[in-house]
Amino acid sequence: MAKRVTRKVDSRRAPRRSRADSDGRLPRFEVYVIDSGWKTPAAEVVRNAMPLFVKYLGHHDVYLLDADQSEKFLQGHPQLLGKDPIIAVLDRDAIRRESPNGVGVRLLLGRIRDEHRVLALVKMLLRILNTRQLAADLPESIRRYVHREGVAGAIDIVMSAAGRVETESGH
């Protein structure tokens, strides 16, 4: 299996396509971690969990945006200000087949004040992305587990409509 390299997103160009793994498959998910640098309990948990988080997503593309890249992203999406750190996941397979259920999710972890709950959500996301049956319908699995955790306001399902990506509240 090819060794996984974590890289930062170059704000001047789109992420490049990754190489296929030893089975000839491209990574299914693109995972973006957006953290503008606020000193919050959620941000501290996410920063501390990143080494393991990236390790467990070894066969997917993971992009860690630095503070400047995150700020630039948030300036372009003002509805997300104050909701970071954000873990956004795009499902390449759902995009390709234009899934009516959504093409990804965003966990808006900055809305959560309890550090244990933030860590539980990060672990839940890892479990879903790495379990074939749960990853098959990412938005539905996320809805089910996040609602079970009682933090429905911390999720956005990313929808695709007429070739553009937009968001729909997951409540």
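Computed from the coordinates by the stated procedures, all read-outs in this text should not be read as laboratory data. Nothing here was measured: the structure is a model prediction, and the numbers come from that model. When we count neighbours, we look across all protein chains shown, and the Cβ atoms used for this are built from the backbone with ideal geometry, even at glycine.
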I'd like the FRET efficiency for Q75 and R132, computed as 1/(1 + (r/R0)^6) with the beta carbon distance as r and R0 of 45 Å, rounded to 0.05. 0.75
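Rank the residues L74, L81 as a footprinting-exposure proxy: fewest other Cβ atoms within 10 Å of their Cβ go first. The partial results should precede the final answer.
Working: L74 19, L81 12.
Lowest to highest Cβ neighbour count: L81, L74.
Give me D93, D61, D68 ranked fewest to most by other Cβ atoms within 10 Å of their Cβ, as a rough exposure proxy. It would help to have the intermediate numbers written out before the result.
Details: D93 14, D61 22, D68 11.
Ascending number of Cβ neighbours within 10 Å: D68, D93, D61.
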Distant-in-sequence amide H partners of G104 (H built 1.01 Å from N, under 5 Å): D91, V158
Return E115, E98 ranked ascending by Cβ neighbour count within 10 Å, so the fewest neighbours appear first. E98, E115
With a Förster radius of 30 Å, plug the Cβ-Cβ distance of H116 and A67 into 1/(1 + (r/R0)^6) and report the FRET value to the nearest 0.05. 0.75
